[in-house]
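*Asks:* Take this structure, written in structure tokens, and hold onto it; I'll ask about it next.
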Amino acid sequence: MPIELRELASLPEIVSIEPEWRELWIRDPRATPFQSPDWLLPWSQYLWGGGQIRTLALYRDDTLAGLAPFFRWGLGPFCLSFLGSGITDYLDVLAEPDFAEEVAPRIFEWLATQSRDCDWIDLQELRPDSPL
């Protein structure tokens, strides 16, 4: 079954997937503490300077197989960045090990469609072994 991409556009939406997010974070051997809901949800609630949540949840057979926690910010021009940007050591997507090779291309496909809404994409704090 192909991966289904769902765009989450609000803080309540990303909070609603916290249990699935935590399970995916545990399953991803490349995950760091900075990709966990324990880090990124408080960042989003208390440190986020505003903008629009644009998190991608990728599902396979109704199981969260990948997560790309993005947000769009700026007053124009607009930038797409990872939630947690600026004060985090490492940021990246999370991916189920069995589906990691499928998750990154789906994220790139989505990113390619964002030129209407974003003037640039700034993905800082990526590790050298990032799939992105």
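*Asks:* Across segment 109-131, which residue is surrounded by the most Cβ atoms within 10 Å (Cβ to Cβ) among those that are among the polar types (S, T, N, Q) and either at pLDDT 80 or above or not in a helix (DSSP H, G or I) (or both)? Please lay out each step first, then the result.
*Replies:* Step one: list which residues in segment 109-131 are among the polar types (S, T, N, Q), which gives 113-115, 124, 130.
This time we only want the ones that are either at pLDDT 80 or above or not in a helix (DSSP H, G or I) (or both), so: 113, 124, 130.
On the way: T113: 9, Q124: 12, S130: 14.
Looking at residues that are among the polar types (S, T, N, Q) and either at pLDDT 80 or above or not in a helix (DSSP H, G or I) (or both), I get S130.
*Asks:* Something else now. Of everything in segment 22-37 that's out of contact with any Lys or Arg (no Cβ under 8 Å at 6 or more places or on another chain) and without any contact (Cβ under 8 Å) to a residue 40 or more places away in the chain, which residue is surrounded by the most Cβ atoms within 10 Å (Cβ to Cβ)?
*Replies:* R22
*Asks:* Follow-up. Which condition from (1) surrounded by fewer than 17 Cβ atoms within 10 Å (Cβ to Cβ); (2) over 19 Å from E13 (Cβ atoms); (3) hydroxyl-bearing (S, T, Y) is the one that T63 breaks?
*Replies:* So the condition that T63 fails would be (2).
*Asks:* Right, something else. R30 passes all but one of (1) assigned to a strand (DSSP E or B); (2) over 22 Å from W110 (Cα atoms); (3) of a type in the set (K, R); which number fails?
*Replies:* The single condition R30 does not satisfy is (1).
*Asks:* Return a yes/no flag: does segment 41-49 have any residue that is surrounded by fewer than 17 Cβ atoms within 10 Å (Cβ to Cβ), outside any helix (DSSP H, G or I) and either in contact with a Phe, Trp or Tyr (Cβ under 7 Å, 6 or more places away or on another chain) or small (G, A, S) (or both).
*Replies:* Scanning segment 41-49, I find at least one residue that is surrounded by fewer than 17 Cβ atoms within 10 Å (Cβ to Cβ), outside any helix (DSSP H, G or I) and either in contact with a Phe, Trp or Tyr (Cβ under 7 Å, 6 or more places away or on another chain) or small (G, A, S) (or both), so the answer is yes.
*Asks:* Can you work out which of the residues in segment 1-21 that are more than 19 Å from A104 (Cβ to Cβ) and touching a Ser or Thr at 6+ places or on another chain (Cβ under 7 Å) is surrounded by the most Cβ atoms within 10 Å (Cβ to Cβ)?
*Replies:* For segment 1-21, the residue satisfying everything is I14.
*Asks:* Yes or no: segment 46-57 includes at least one residue that is small (G, A, S) and within 12 Å of the chain's Cα centre (by Cα).
*Replies:* The initial filter retains those residues of segment 46-57 that are small (G, A, S), namely 49-51, 57.
Checking which are within 12 Å of the chain's Cα centre (by Cα) leaves us with 57.
Yes - at least one qualifying residue is present in segment 46-57.
*Asks:* Return a yes/no flag: does segment 73-80 have any residue that is in contact with a Pro (Cβ under 7 Å, 6 or more places away or on another chain), crowded, with 19+ Cβ neighbours inside 10 Å and either closer than 19 Å to L8 by Cβ or modelled with pLDDT of 90 or more (or both). Break it down stepwise before answering.
*Replies:* First, pick out the residues of segment 73-80 that are in contact with a Pro (Cβ under 7 Å, 6 or more places away or on another chain): none.
Looking through segment 73-80, none of the residues is in contact with a Pro (Cβ under 7 Å, 6 or more places away or on another chain), crowded, with 19+ Cβ neighbours inside 10 Å and either closer than 19 Å to L8 by Cβ or modelled with pLDDT of 90 or more (or both).
The values are calculated or read from the model by the stated rules, or taken from the named source; none is laboratory data. What you see is a predicted model, and the numbers here were worked out from it, not measured in a lab. Cβ atoms come from the backbone with ideal geometry, glycine included; neighbour counts cover every protein chain shown.
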